[in-house]
1. For the range 82-114, name all the residues that are of a type outside the set (Gly, Ala, Ser), closer than 19 Å to ALA57 by Cβ and in contact with a Lys or Arg (Cβ under 7 Å, 6 or more places away or on another chain).
2. Just the residues that are of a type in the set (Asp, Glu) and over 10 Å from LEU124 (Cβ atoms), please, taken from the range 83-98.
3. Restricting to the range 167-190, and then to whatever is closer than 30 Å to LYS209 by Cα and more than 24 Å from the chain's Cα centre (by Cα), can you tell me which residue is surrounded by the fewest Cβ atoms within 10 Å (Cβ to Cβ)?
4. Give ILE127, ILE148 a once-over and let me know the one that is under 15 Å from the mean Cα position of the chain (by Cα) and assigned by TED's automatic domain parsing to the domain that holds VAL199.
5. Taking PHE107, is it farther than 30 Å from LYS175 by Cβ, of a type in the set (Phe, Trp, Tyr), surrounded by 19 or more Cβ atoms within 10 Å (Cβ to Cβ) and in contact (Cβ under 8 Å) with a residue 12 or more places away in the chain?
6. Could you check ILE117 against (1) in contact with a Lys or Arg (Cβ under 9 Å, 6 or more places away or on another chain); (2) more than 30 Å from THR91 (Cβ to Cβ) and say which number it fails?
7. Name the one entry in GLU120, GLU92, GLU66 that is among the charged types (D, E, K, R) and buried (at least 19 other Cβ atoms within 10 Å of the Cβ).
Amino acid sequence: MAATGRLRSSLSLLTKSLRSDSFASSQRSALQLELPLALFGASGNYASALYIAAVKANALEKIESELLDLVQASKKASMFSQFTKDLSVPTETRVKAITEICAQAKFSDLTRNFLVILAENGRLRHIDLITKRFLELTMAHKGEVKAIVTTVMPLPPQEEKDLKETLQEILGKGKKVKLEQKIDPSILGGLVVEFGQKVFDMSIQTRAKQMERFLREPVNLGIL
């Protein structure tokens, strides 16, 4: 009974928060008291409201998993992707379609209601961005810091482990590094690490450009 009451309360909060594209300033101030990270813009508002509802329903991991499943599925289904971006589709059609999709996927009521609200407000086309913002909140909630390492080929397990340990030492206790690898042949070699607000570019491409600029500089014969 208590769990049901919390869920109903969370759904009520979510519905009230998302019926319009913007929050009243008083609502935003109240939400920020419970958010691990302040987000802005329409996508940040939607993600923040869903985060609070998910936390109060004790369903944060489940909602995160369901949103990721939907985003991944939409990338594989071009028709669904086009459907979410087509604003000419009547609202009733969008709502019916997303409701059926949620039923087939057996999504939770919270995720279903959230997606229905996005459909009603013509915001389904931003589900990828909203999910990314939601993940920023869940990572902050868990004390995780995302680090993206770009290489020309996957890092060997030992090198990945060493890099993760180095970044963890920089972070210190209370935070956890979540390493994501990206492959980009254009950097030619070396690696690029995006960590927090910093970028450590140790790629061969960048070093080659630096060398090229150096070689193009005029020679000062006066110092010879």
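The values are calculated or read from the model by the stated rules, or taken from the named source; none is laboratory data. This one's a predicted model, so the numbers in the text were calculated from it and none came from an experiment. Every residue, glycine as well, gets a Cβ built from its backbone with ideal geometry; the counts of neighbours run over all protein chains shown.
1. Taking the range 82-114 and keeping what is of a type outside the set (Gly, Ala, Ser), we get 82-87, 89-96, 98-102, 104, 106-107, 109-114.
Next cut, closer than 19 Å to ALA57 by Cβ only: 102, 106-107, 109-114.
Residue satisfying the conditions is CYS102 alone.
2. Residues of the range 83-98 of a type in the set (Asp, Glu): 86, 92.
Scanning the range 83-98 gives a single hit, GLU92.
3. Here the answer is SER186.
4. Working: ILE127 fails: assigned by TED's automatic domain parsing to the domain that holds VAL199.
Going through ILE127, ILE148 in turn, the sole match is ILE148.
5. Values: farther than 30 Å from LYS175 by Cβ: yes; of a type in the set (Phe, Trp, Tyr): yes; surrounded by 19 or more Cβ atoms within 10 Å (Cβ to Cβ): yes; in contact (Cβ under 8 Å) with a residue 12 or more places away in the chain: yes.
So PHE107 fits the description; yes.
6. (2)
7. Only one candidate qualifies: GLU66.
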